[in-house]
Amino acid sequence: MTDSQTAAPQTATVPAPAPASDREPLLRVTGLTRHFPVTKGLFKRQVGAVRAVDGIDFSVNAGETLGVVGESGCGKSTMGRLVTRLDEPTGGKIEFEGADITHLGVGAMRPYRRDIQMIFQDPYSSLNPRHTIGTIVGAPFRLQKVATEHGVKKAVQDLLELCGLSPEHYNRYPHEFSGGQRQRIGIARALALKPKMIIADEPVSALDVSIQAQVVNLLDDLQQELGLTYLIIAHDLSVVRHVSDRVAVMYLGKVVEIAERDSLYASPMHPYTNALMSAVPVPDPRRKERRERILLTGDVPSPLNPPSGCRFRTRCWKAQDICASQEPPLTAAKAGHQVACHFPENSATE
Ligand SMILES: Nc1ncnc2c1ncn2[C@@H]1O[C@H](COP(=O)(O)OP(=O)(O)OP(=O)(O)O)[C@@H](O)[C@H]1O
Ligand code: SF4
Ligand SMILES: [Mg+2]
């Protein structure tokens, strides 16, 4: 009943967003860490740790989209699971609307569970094949015992419509839908409790390229309409380009660069970002010659035993002695642009 007082306006008259610097961070993450212990023998003696997320800092402002990119295994999903509190951090702090939620118990976490929802990569495995769409999308109402004005069925049908599906799909089963439609069902379920923030872990990478843009556009439309805040995880820079206000680049459990979208794509500063960028097709063919393709050599080192100093140094063509001995901190190189590198590219001092 209080929803009507607190919900964001849902009409077309959405106020113009305030400049990024004036907005309150909805989510703030400081020193976030997740080490998975590696044990050995009968007594499960700990012999090491997978440093999946190894001390990362970032914030997401209300109403904005932060894209997070990086190669497989760099800790993106682990970070998403920590922020949604599906996994327990081994260090650092997570604040949502200024409240420390890092280690809240089940009861204290309940209101935040409504506010922070997750969308997963594989829409099929995250939907129970034995349940109808009505049951799946209506589950959050039942689980959280949320009253709906005209009943759960009507609320679910409204959500299906909002996500571009027909309300008639209510009694159908997940296998009757295409991949894109299933992802729309996953999105409808995530929206059921009017969340403030959505963490989307590779929401389109399992879909046909032709369908990807439709789902990305749906997320964009929903953000405009409902005032949502997004953290969207993707493998490559092309998927998040259209939707992100800012982009964070992860490498081996660390954020190596975080910047406003246009600044990042126009002048990437971390050598790793440059390498990722060179693999993205350039939309304007006249610019093709100007971007050299950088082929990264060598495998990503193991997060069990990351390189000393800068973790990217084993694959970096600019590496020097200092890169092995001193870890470069993430620092502001220019307005709205932070990078962790001793010799950043596209900087005024280069
Ligand atoms: N439960 C776990 N126990 C041990 N190690 C784990 C666990 N979950 C993830 N890892 C390890 O942590 C690292 C980061 O994994 P994560 O799934 O977060 O990466 P990712 O960036 O999402 O990769 P992808 O792009 O393939 O989805 C990997 O080395 C992975 O093997
Ligand atoms: S700190 Fe050194 S090794 Fe790391 S990215 Fe920068 S130049 Fe390369
Ligand atoms: Mg992942």
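The values are calculated or read from the model by the stated rules, or taken from the named source; none is laboratory data. Values in this document were obtained by computation on a predicted structure and should not be read as measured data. Backbone-built Cβ (ideal geometry, glycine too); neighbour counts: all protein chains shown. Please note that ligands, DNA and RNA were not included when accessible areas were found on the heavy atoms of the full protein model with its side chains. Shrake-Rupley method; radii C 1.70, N 1.55, O 1.52, S 1.80 Å.
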Helix-only [θ]222 nm of the chain, DSSP H runs n ≥ 4, -39500 (n - 2.57) each, per residue, nearest 500: -8000 deg cm²/dmol
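Taking 0.36 nm per residue of sequence separation and subtracting the Cα-Cα distance, how much length would be gained by fully extending the chain between GLN46 and ALA266, in nm to one decimal?
Values: separation 220, 0.36 × 220 = 79.20 nm, distance 4.50 nm.
Answer, rounded to one decimal: 74.7 nm.
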Can you give me the accessible area per residue for the chain, using a 1.4 Å probe, in Å²? 51 Å²
Find the centroid of the Cα atoms in the stretch 30-47 and in the stretch 92-107, then give the distance between the two in whole Å. 23 Å
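Kindly state, to the nearest 0.05, the FRET efficiency for ASP158 paired with ASP321, given R0 = 35 Å and r defined as their beta-carbon distance. Intermediate results must be reported in sequence, preceding the final value.
Details: r = 61 Å, r/R0 = 1.76.
Efficiency, rounded to the nearest 0.05: 0.05.
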Members of LYS254/LYS318; LYS76/LYS154; LYS154/LYS196 lying beyond 25 Å, as alpha-carbon distances in this model show: LYS76/LYS154
For the pair ASP299 and GLU345, what calculated FRET efficiency results from E = 1/(1 + (r/R0)^6), where r is the Cβ-Cβ distance and R0 = 25 Å, to the nearest 0.05? 0.60
Based on the alpha-carbon gyration tensor of the stretch 68-223 and its eigenvalue square roots a ≥ b ≥ c, which shape applies: rounded if a/c is under 1.5, prolate if not and a/b is larger than b/c, or oblate? oblate
Label point distance in nm, THR148-ALA213, each placed 7 Å from Cα along Cα→Cβ: 3.3 nm
Taking a point 7 angstrom from the Cα of LEU86 along the C-beta vector, which residues in the stretch 176-197 have backbone N less than 18 Å away? 182-197
Cα→Cβ-extended label distance, 7 Å offset, between THR39 and ASP100, nm: 2.8 nm
Between GLU225 and SER278, what is the FRET efficiency for a Förster distance of 30 Å, r being their Cβ-Cβ separation, to the nearest 0.05? 0.25
Residue of THR90, THR132, THR148 that the Gaussian network model of the chain assigns the largest fluctuation, springs spanning Cα pairs under 10 Å: THR148
Residue farthest toward the positive end of the dipole of the stretch 198-274, with Cβ of Lys/Arg at +1 and Asp/Glu at -1: which of ASN217, VAL204, SER238? SER238
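For the stretch 149-196, what % of the accessible area comes from carbon and sulfur atoms, probe 1.4 Å? Provide the component values of the computation, followed by the final result.
On the way: 980 of 2270 Å².
Carbon and sulfur atoms account for 43 percent of the accessible area of the stretch 149-196.
So what's the net charge close to GLN338: Lys and Arg +1, Asp and Glu -1, counting the other residues with Cβ under 11 Å from its Cβ? Show your work: numbers first, answer last.
Numbers: positive: ARG246, LYS334; negative: ASP57, GLU257, GLU260.
Summing Lys and Arg as +1 and Asp and Glu as -1 gives -1.
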Can you pull the three principal axis extents for the Cα set of the chain, in Å, largest first? 67, 62, 40
Quick one: work out the % antiparallel among DSSP beta bridges in the chain, nearest 5. 65 percent
For the stretch 147-276, with equal point scatterers placed on the C-alpha atoms only and solvent neglected, what are the log10 I(q)/I(0) values from the Debye formula at q = 0.12, 0.20 1/Å, to two decimals? -0.54, -1.17
